[in-house]
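Step one of this worksheet: look at the structure below.
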Amino acid sequence: MSTLTKMALGLLGQLHGQPASGEVLGEMTLPPAQTTGGLPLMAALQQRHSAREFRPDALPPQQLSDLLWAAAGINRPADDGRTAPSAMHAQEVDLYVALPQGLYRYAPHGHVLQLMKEEDVRRVTGYQDFVDDAPLDLVYVADHSRMKMVPAAMRESYASVAAGAMAQNVYLYCASAGLSTVVRAWFDRQALGQAMGLTPDQQILLTQTVGWPKA
Ligand SMILES: Cc1cc2nc3c(=O)[nH]c(=O)nc-3n(C[C@H](O)[C@H](O)[C@H](O)COP(=O)(O)O)c2cc1C
């Protein structure tokens, strides 16, 4: 769907997702993340970049597992430590994954994807057309109810920093794995919040498309 069509539908309150396709699972078990190897850090930083052309092919389970672990996984189980920092260890940013099979939320404990909605909301995750057909769009969602100890005026800023750190982890993983990605803030917040069925405590901060580069 073109950017103009999305903008027009958004103004009319008619920008919606599509019926889910493929095998819809209530819980998607991921293989354990491969947490060794990959490009050396400095080489990954050298390769990091945004790209906006994607093949529609799904990510194999191992790549999906590694990607989600890089973004938001548990790297120090004894302390419930994560791969990205959060103010006061609040872990207030949830990672949603929009797939053709539906909208899922990544659960770091158990390293699984939990079905939130049996709908393909990819096209609502951004005004740009490539988000519709890329194999997955990540959505970073702050849960303000987990930030009660942070002054109200600081909550959005703290959560945005945490989401930015997660997004950079995704960039570096993609650089290492030969995947393309772009983090995005240009989307219809109202349409996406509705399509995802979010509560008033939840705020969408960023989205990010991931997939194989077009040849
Ligand atoms: C907060 C933020 C929002 C962004 N929003 C978008 C967006 O909506 N669409 C897009 O195509 N790129 C978006 N970008 C990506 C930037 O355009 C990109 O990082 C910039 O052009 C530099 O290119 P590079 O990432 O390849 O270094 C965003 C980047 C950031 C940090």
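Name the one entry in 113, 138, 205 that is assigned to a strand (DSSP E or B), over 22 Å from residue 12 (Cα atoms), open to solvent by less than 30 Å² (accessible area, probe 1.4 Å) and more than 14 Å from the ligand (Cβ to nearest atom).
Working: 138 fails: more than 14 Å from the ligand (Cβ to nearest atom); 205 fails: more than 14 Å from the ligand (Cβ to nearest atom).
Answer to the selection: 113.
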*region 117-130: number of residues that are closer than 10 Å to residue 3 by Cβ and more than 9 Å from the ligand (Cβ to nearest atom)*: 1
*asked:* Considering only residues that are within 11 Å of the ligand (Cβ to nearest atom) and either in contact with an Asp or Glu (Cβ under 7 Å, 6 or more places away or on another chain) or of a type in the set (A, V, I, L, M, F, W, C) (or both), which ones fall in region 46-56?
replied: 51
*Within region 141-159, how many residues turn out to be farther than 16 Å from residue 83 by Cα, of a type outside the set (Phe, Trp, Tyr) and part of a helix (DSSP H, G or I)?*
9
*Odd one out for residue 105, checked against (1) within 16 Å of the ligand (Cβ to nearest atom); (2) touching a strand residue (DSSP E or B) at 6+ places or on another chain (Cβ under 7 Å); (3) not in a loop (DSSP other than H, G, I, E, B)*: (1)
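Restricting to region 176-202, and then to whatever is within 15 Å of the ligand (Cβ to nearest atom) and of a type in the set (Ser, Thr, Tyr), can you tell me which residue is surrounded by the fewest Cβ atoms within 10 Å (Cβ to Cβ)?
Initial filter on region 176-202 (within 15 Å of the ligand (Cβ to nearest atom)): 179-189, 191-192.
This time we only want the ones that are of a type in the set (Ser, Thr, Tyr), so: 180-181.
Working: 180: 21, 181: 27.
This residue is 180.
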*Out of region 159-175, which residues are open to solvent by 40 Å² or more (accessible area, probe 1.4 Å) and either more than 12 Å from the ligand (Cβ to nearest atom) or within 13 Å of the chain's Cα centre (by Cα) (or both)?*
168
_Please verify whether residue 88 is of a type in the set (A, V, I, L, M, F, W, C) and either free of Cβ contacts under 8 Å to residues at least 60 places away in the same chain or in a strand (DSSP E or B) (or both), treating the condition exactly as stated._
no
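The values are calculated or read from the model by the stated rules, or taken from the named source; none is laboratory data. The structure displayed is predicted, hence computed values, not measured ones. With ideal geometry, Cβ positions are generated from the backbone for all residues, glycine too; neighbour counts draw on all protein chains shown. Please note that ligands, DNA and RNA were not included when accessible areas were found on the heavy atoms of the full protein model with its side chains. Shrake-Rupley method; radii C 1.70, N 1.55, O 1.52, S 1.80 Å.
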